[in-house]
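Down below is the structure, laid out as structure tokens.
The values are calculated or read from the model by the stated rules, or taken from the named source; none is laboratory data. As the structure is a computational prediction, the values presented were derived from the model and not from experiment. FYI the Cβ positions are ideal-geometry reconstructions off the backbone, even for glycines, and counts take in every protein chain you see.
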Amino acid sequence: MAFDLKKLLETRWGENYELHGQYVNPQLVKVLQTIGFDKVYRRAEGQYLYDESNNRYLDFLSGYGVFALGRNHPKLKQTVKDLLDLDLSNLVQMDCALPAGLLAEKLISLAQSHGNPEIDTVFFTNSGTEAVEGAIKFACGATKRDRILFLDHAFHGLTLGSLSANGNAEFRDGFGPLLPGQKILLEDIAALETELKKKDVAAFVFEPILGKGLYVPSTPFLKEAERLCKKFGTLMIADEVQAGLGRTGKWFAVEHSGIQPDLICIAKTLSGGLVPVGAILYRREIYQKVFSKMERCVVHSNTFGKNTLAMGCGLATLHILEEEKIPERAQVLGEKLRAGLQTLGAKYEMFKEARGLGLMLGIEFHSPKSLKLKTAWTMIHAMNKGLFGQIIVVPLMGKHRILTQVAGHNIDLVKLLPPLIITEDDVRYFLTAFEQVVAEAHRFPGSAWEVIMDLGKKTLLGKSSDEVEKVMAAS
């Protein structure tokens, strides 16, 4: 019998969560079912998802930033079809394929014309975390040092090397020992200098805008960090896996501060959402210290990094970003979205601020002053410190069909990461829905709090009865 993928998918639609619960990640299935995110999406177009009943959902998560151009962009789809029709000699390994050379050339041109003229070499990877891993390895090899510095709340990936630069204990716990390193509080330049003075630090790894918490390092901090790294022989690695290639309103997020890191990691957007790809952009001096002679020409390598489909999608993505002026669009719409959030948020006491750059935004809430709301706030945080954000995220999905996420442990933050192709109508729709949800969250008792209290109880089901009683009593 011939293999028929379309028929197989059609006959098995609806088994999604059952299959994942049995064979992939049962805990994730429980979470999605608990918060009402267990939708079965049948198709997608641009910034919209469609379920089995053809209901439309506005995607403000974009696959954690992968779908900057939205889903199933026609030019990207055509690129994949063209590549398959060409029957190219893919992944020969003992050759130098043209698509990888062309993509490297384009990336270097972009880096040099957007603030970093010393970047002149590319290493291709399969993902963002692999790019960070490679950058750390290159820094250690080039400096002959083994220690790394990273920021509190940083998120650089979850493989062991990038996990060593992760500033969130919930991801690190249970996976030691990790690479030697030190966490630095954001803006604490004195602590950074203290560590750099030891002259044993290979790299300072940072995100120009932190993915967890959506904190934006200030320009003075980054500029002084750059000066100190040069002074003490430490390399700067900018992790632009999520923030890069237009999301913050500029091609590279480091352009906002005007610094020139030694290595830049990119991924996500570069893929166009179709074929995984990442890249390390770095200086030739570093390359020469790592790939120091012919017998070390593959001292760092991978099997699929330069695959033709990924390279072609990367080239097409960069072309679309330029042709459609996507970075400029992200800056304009991002400013409108953030300004709208600040305006409506000022009316509600639990709203703290909307922060970020371009279309990478975080909405933070804080403890209210009124007695009733403060009592409810305290109760929810006693149940689970990361639960409050669901009072926003769950109804945005359930009542308004908008996909967002809670981002950050022990911080009450909703993260917005929409495709960069959203429209002004999408922004207006989101702001209207968001205000309705926030207004409902300020009514206690009310339906929003009933939902969140129920979720809170469900998060306690795995605890002993004594533990549950202690948590409930504390509230």
*Of the residues in region 210-253, how many are in contact with a helix residue (DSSP H, G or I) (Cβ under 8 Å, 6 or more places away or on another chain) and within 23 Å of Val122 (Cβ to Cβ)?*
19
*asked:* Being outside the structural domain of Ala433 (by TED's automatic domain parsing), of a type outside the set (Val, Ile, Thr) and either surrounded by 15 or more Cβ atoms within 10 Å (Cβ to Cβ) or within 14 Å of Thr404 (Cα to Cα) (or both) narrows it down to one residue among Leu49, Leu32; which is it?
replied: Leu32
*Within region 226-272, can you find the residues that are among the charged types (D, E, K, R), over 24 Å from Asp188 (Cα atoms) and either surrounded by fewer than 24 Cβ atoms within 10 Å (Cβ to Cβ) or at pLDDT below 95 (or both)?*
Lys250
_So Lys199 ticks every box in (1) surrounded by 15 or more Cβ atoms within 10 Å (Cβ to Cβ); (2) among the basic types (Lys, Arg); (3) modelled with pLDDT of 95 or more but one. Which box is left unticked?_
(1)
*If you go through region 364-371 one residue at a time, do you hit one that is within 23 Å of the chain's Cα centre (by Cα), crowded, with 17+ Cβ neighbours inside 10 Å and within 23 Å of Arg71 (Cβ to Cβ)?*
no
*From Pro74, Pro99, which residue is surrounded by 15 or more Cβ atoms within 10 Å (Cβ to Cβ) and either in contact with a His (Cβ under 8 Å, 6 or more places away or on another chain) or closer than 21 Å to Leu315 by Cα (or both)?*
Pro99
*asked:* Which of the numbered conditions does Glu328 fail, given that it passes all the others? Conditions: (1) surrounded by fewer than 16 Cβ atoms within 10 Å (Cβ to Cβ); (2) touching a strand residue (DSSP E or B) at 6+ places or on another chain (Cβ under 9 Å).
replied: (2)
*Being within 30 Å of Trp449 (Cβ to Cβ) and small (Gly, Ala, Ser) is the filter; apply it to region 331-363 and report the residue that is surrounded by the fewest Cβ atoms within 10 Å (Cβ to Cβ).*
Ala346
*Any residue in region 271-282 that's among the aromatic types (Phe, Trp, Tyr): show its pairings with residues that are not in a strand (DSSP E or B) at Cβ separation under 7 Å, as long as the two are six or more apart or on different chains.*
Tyr282/Ile119; Tyr282/Phe138; Tyr282/Asp262
_Quick check on region 273-288: of everything there that is in a helix (DSSP H, G or I) and not hydrophobic (A, V, I, L, M, F, W, C), which residue is surrounded by the most Cβ atoms within 10 Å (Cβ to Cβ)?_
Tyr287
*How many residues are buried (at least 16 other Cβ atoms within 10 Å of the Cβ) and not in a helix (DSSP H, G or I) when one looks only at region 131-151?*
6
*For Ala139, work out the one condition from (1) under 21 Å from Ile209 (Cβ atoms); (2) among the hydrophobic types (A, V, I, L, M, F, W, C); (3) touching a residue at least 60 places away in the same chain (Cβ under 8 Å) it doesn't fulfil.*
(1)
_Between Leu32, Leu49, which is at pLDDT 95 or above and closer than 20 Å to Leu396 by Cβ?_
Leu49
*What residue, of Thr303, Thr308, is under 14 Å from Leu274 (Cβ atoms), in the same structural domain as Cys96 (by TED's automatic domain parsing), among the polar types (S, T, N, Q) and in contact (Cβ under 8 Å) with a residue 40 or more places away in the chain?*
Thr308
*What strands (runs of 3 or more DSSP E) completely inside region 161-272 contain at least 3 residues that are of a type outside the set (Lys, Arg) and within 20 Å of Gly115 (Cα to Cα)?*
201-206, 235-239, 263-266
*asked:* Residues that are modelled with pLDDT under 95 and either over 25 Å from Asp51 (Cβ atoms) or in contact with a Cys (Cβ under 9 Å, 6 or more places away or on another chain) (or both): list the helices (runs of 4 or more DSSP H) wholly contained in region 325-430 that include at least 3 such residues.
replied: 371-383
*State whether one or more residues within region 84-101 are within 25 Å of the chain's Cα centre (by Cα), in contact (Cβ under 8 Å) with a residue 24 or more places away in the chain and either closer than 14 Å to Ala310 by Cβ or not in a loop (DSSP other than H, G, I, E, B) (or both).*
yes
